[in-house]
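In what follows, a structure is listed as structure tokens, so that the remarks can point back to it.
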Amino acid sequence: MSHPGGSKKQHLGLLCGLAGLLLLCLPPALAQSAVPGKNDALYLYRGADRDQRLLDAARKEGSVALYTSLATTESRPLAAAFEKKYGIKVDLWRAISDKVVQRTVTEGRAKRYAVDVVETNGPEVEMIAREKLLSEFFSPYLADFPPAAIAPNHLWVSDRLELYVVAYNTNKVKREDLPKHFEGFLDPKWKGRLGIEATDSEWMGAIVKKLGTDRGMKLFEKLAEMRPDVRKGHILLAEMVAAGEVPVALSAYHANAESLKRRGAPIDWVAIEPVVGRPQAIAVAKNAPHPSAALLFADFVLSPEGQGLLNSLGRVPLSLKVSTSLNNFPYILIDPATVLDESGKWESLWDKLFINK
Amino acid sequence: MAAAGQLLAQPSTGASGWLKFDFKWLVIGVCVLAVAYLALMPLGFLLWQSFFTPQTATKAAEFTYGNYLAAYTSSETLKLFFTSVGYAAGTSIFSFTVGTLLAWMNERTNTPLKPLFFALSIIPLIIPGVLFTVAWILLASPKIGIVNLMLQGLFNTDHVFVNIYSIWGMIWVDGLHYSSMAFLIMSAAFRSMDPSLEESAMMSGASVPQIAWHITLKLTWPAIFATLLILFVRSIESFEVPALLGLPVGIQVFTSAIYDAIHQYPSQIGLASSYAVTLLLITTVGIYFQSKLSSQGNKYSTVTGKGFRPRSMDLGKWRYVTASIFVFYFSLIVVLPFLVLLWSSLQKFYSVPSMAALHNLSFDAYTFILTYPTLASAVVNSLFLAVGCATLVMLLTSVICWIVVKTKLPGRWLLDNLASLPMVFPGLVLGLAIMIFYLYFDIGIYGTIWIMFIAYVTRFMPYGLRYNTTSMMQIHRELEESAAMSGASWGTTFWRIILPLLKPGLMAGWIYIMIVSIRELSTSILLYSPGTEVVSVLIWELWENGQYVELSALGVMFILALFMMVMLAQFVGRKFGVKED
């Protein structure tokens, strides 16, 4: 894009504005899809001197831009640990996952390459991957991860999990009264005491698939008849459990419930089968301005050190090198690509059951 | 706009007259161009997008009517739309009634303690929307609401007295939250009223309610219309209260359709835009009717050349009644939610006030906020944006408003309309439009604070315009004419006559825009970069992190700081413009 820079007269400025408007309206060509990334060689280098080369180059780059949806209570300490270890500054931009996609994709289309590393919800990272803005990368720590954590297209790695658990208010509900299975909640005594989050169609999808369509759909249809309290946002749901407003939340995020519990709120959680895990993933940008620092940061997050740090902050790490008490139960890992491909189906079903009542 | 000059009375002759003429042209031209530039860009984006399918890496955007078909052929949309209209009507009428009553007592009567009440009336607006709503959940939820628990204890029953999760609860909370907006506009309108008519009515034996109804309200009809219009459009567009209070009981509004469209993959910006077109039409119709009012000449002008003296009415012993209404209102609406905030800011987690929780009091949350790494820069950035945006918008729209109200230019209502449309652009679409525009049209502001500045000015321009219009319509032409007769240039007249007389509207609008700029989130969240964080992003961050306690602490400090700023602005404002007795 070349425009007469610093136009002196406002009518010229206006002309430029209109030209810009026209240009933004024209869909850019689908050029970048087939072109290999300029950083691919660096990202995939496996030589013996990899780590040293990477560190030297990253230090020269001096900083790394991270777009993430990880709460600042965890992403800041993570960034600070990286800065302390390597002396490389982390420019942290935090927003909810779909804003991360919006910004990364919009900048990418305009060829303004500002982001180095993306770390957010799995399906959202897969969206960015489908927009051809990510590159495959090699890290010596990939071996520590279960195969399901690595994307089939190799464009991202799941570094942590968000677990759907049942959270309950300890003043209003006794742990031993909670059923062993979701179907136990269909007992009329739970009517008026249950809550769910407004956008959890992928949670329903995973459970229905696990239980089989007949049994699974019957469970959710019956559940909808109980008319659970629908809350927008998992944080709000967990806070409402702690305040006693929602005695039992069926699809709470483990991290939210755990952090409130650690602060002494009357909340606890149980993993009622089938437990669904939502992968959160990390990826490096194809056109990262600081590719070495980007890869070094990904290395750090995937290393036992970074994973241990996440664990101590109450997040569920996926590295098998870190032992955690947070996931010593079986769970189903949602596949981000499937979520994207089937989202229409599950969302309309979910809305019909729970939202448009 | 080429005809503008011919239509303005300008008694200038000779070479010096030419220069004055030139200056006027420059100011008007720059303002019109600025408004056109700011408003047309996102409008063009929105309309254009509404005819395209989403673009992805594998599929280019294609021209389609599908968005409009999908948006307007579903019975679901129609249902949402009617719910929204009902909700917005209820909310706007409620806010209007509360705000106008307060404004009337504050401006037209001699109720004691008025200066304090002015700043207090604005507090609901200052409290971040999510906090205000959650405070009301804690107060009026059927399960844990303190009001219900207390009344149930009092009458020994389990009857639910108030239920915040209902359309009435939504209207109550949102209506109260925005009563300050009505208060500010109506205050400005009441302040510029010539009391001679009220005094004559009083002489003829009319009672205070009769005067208020037949004289005061009738005279401020344009302001009433503008207030209702802006309140209605804003509440149709509101999202927080329906999401927090409506959703749990299945009440869905029009904005949730827009939200759902955007939050898909690929993001259906086109579908969201086609929904927004309805909001554009509603606004256009409203502005058209408003322009009919302003074209009725000087019917509503109260500020004339005949010794204008804004004076308030003596209520006699009734002033203690109005004072007690004030006290009652503030204890219920301002003090109660504020105390809930203060209470939770001293806790370790959000909980209902009780003796047991009294043992958990701590100042940790305040320490946390004051040592928050981005706090200082966020406050500085927000103050810069808020003060800069409020000042620029009020000055810019005062000129636009002058063209719309004081000239006979054909099609001037379109200018008014153009400048008013950004009010109904969904925040995210506006943010995206600005983001994409400055990514391609690279003048070096992407990633800086200036892109947010442009977004704020665009977003709040319509509000500035409405505030200015109400005051502008009250200023009689004869004042300008006498200035011109005495040889003043257009610039001098504007600066020395119009702006000072416009002061009530300017001040009210300035305060409003300053406060809402600090709260602005939907475009800020997309446009901020590391280093240009703002307070609203900080608030959002705390909310998303689940740090309600820390958020409450920030809210408390926020309210106190803005309360002082409003008092200060009021104090400074009193030094300029038309003096009261």
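Just a few scattered comments:
- Taken together, A:E162, A:E131, A:E136 contain a single residue that is open to solvent by 50 Å² or more (accessible area, probe 1.4 Å), in contact with a helix residue (DSSP H, G or I) (Cβ under 8 Å, 6 or more places away or on another chain) and in contact (Cβ under 8 Å) with a residue 12 or more places away in the chain, which is A:E136.
- A:V157 more than 27 Å from A:Y45 (Cβ to Cβ), more than 12 Å from chain B (Cβ to nearest Cβ) and crowded, with 16+ Cβ neighbours inside 10 Å: no
- If you check B:M181, B:M193 for being buried (at least 16 other Cβ atoms within 10 Å of the Cβ) and in contact with a Pro (Cβ under 7 Å, 6 or more places away or on another chain), only one passes: B:M193.
- Taking the criterion of being more than 17 Å from A:K286 (Cα to Cα) and part of a loop (DSSP other than H, G, I, E, B), the residues of the range A:41-55 that qualify are A:R46, A:G47, A:A48, A:D49.
- Scanning the range B:169-189 for residues that are part of a helix (DSSP H, G or I) and of a type in the set (F, W, Y) returns B:W172, B:F183.
- Just one of the listed residues (A:L66, A:L142) is of a type outside the set (S, T, N, Q), surrounded by 21 or more Cβ atoms within 10 Å (Cβ to Cβ) and touching a residue at least 24 places away in the same chain (Cβ under 8 Å), and it is A:L66.
- Count - residues of the range B:452-481 that are under 18 Å from B:G388 (Cβ atoms) and surrounded by fewer than 23 Cβ atoms within 10 Å (Cβ to Cβ): 2
- B:E481 vs. criteria charged (D, E, K, R), closer than 24 Å to B:F132 by Cα and assigned by TED's automatic domain parsing to the domain that holds B:L383: no
- Selection from the range B:52-86 of residues that are aromatic (F, W, Y), open to solvent by 60 Å² or more (accessible area, probe 1.4 Å) and closer than 14 Å to B:A272 by Cα: B:Y65, B:Y72
- If you check B:L342, B:L361, B:L346, B:L415 for being closer than 30 Å to B:G546 by Cβ and either in contact with a Gly (Cβ under 8 Å, 6 or more places away or on another chain) or open to solvent by less than 40 Å² (accessible area, probe 1.4 Å) (or both), only one passes: B:L346.
- Screening A:N328, A:N311 for residues that are free of Cβ contacts under 8 Å to residues at least 40 places away in the same chain and closer than 21 Å to A:F182 by Cβ leaves exactly one candidate, A:N328.
- Scope the range A:79-98; condition within 10 Å of another protein chain (Cβ to nearest Cβ) and among the aromatic types (F, W, Y); matching residues: A:W93
- Odd one out for B:T391, checked against (1) open to solvent by less than 10 Å² (accessible area, probe 1.4 Å); (2) at pLDDT 90 or above: (1)
- Subset tally (residues that are touching a helix residue (DSSP H, G or I) at 6+ places or on another chain (Cβ under 7 Å) and of a type in the set (D, E, K, R)) for the range B:248-282: 0
- The selection criterion, being more than 14 Å from chain A (Cβ to nearest Cβ), open to solvent by less than 10 Å² (accessible area, probe 1.4 Å), part of a helix (DSSP H, G or I) and touching a helix residue (DSSP H, G or I) at 6+ places or on another chain (Cβ under 9 Å), does not hold for B:M435.
- Within the range A:179-191, the set of residues being open to solvent by 40 Å² or more (accessible area, probe 1.4 Å) and either aromatic (F, W, Y) or not in a helix (DSSP H, G or I) (or both) comprises A:K180, A:H181, A:D187, A:K191.
The values are calculated or read from the model by the stated rules, or taken from the named source; none is laboratory data. In this text, all values refer to a predicted model and were calculated from it rather than measured experimentally. Using ideal geometry, Cβ is built from the backbone for each residue, glycine included, and neighbour counts are taken over all protein chains shown. Side chains included, ligands, DNA and RNA excluded: accessible areas come from the protein's heavy atoms. Shrake-Rupley method; radii C 1.70, N 1.55, O 1.52, S 1.80 Å.
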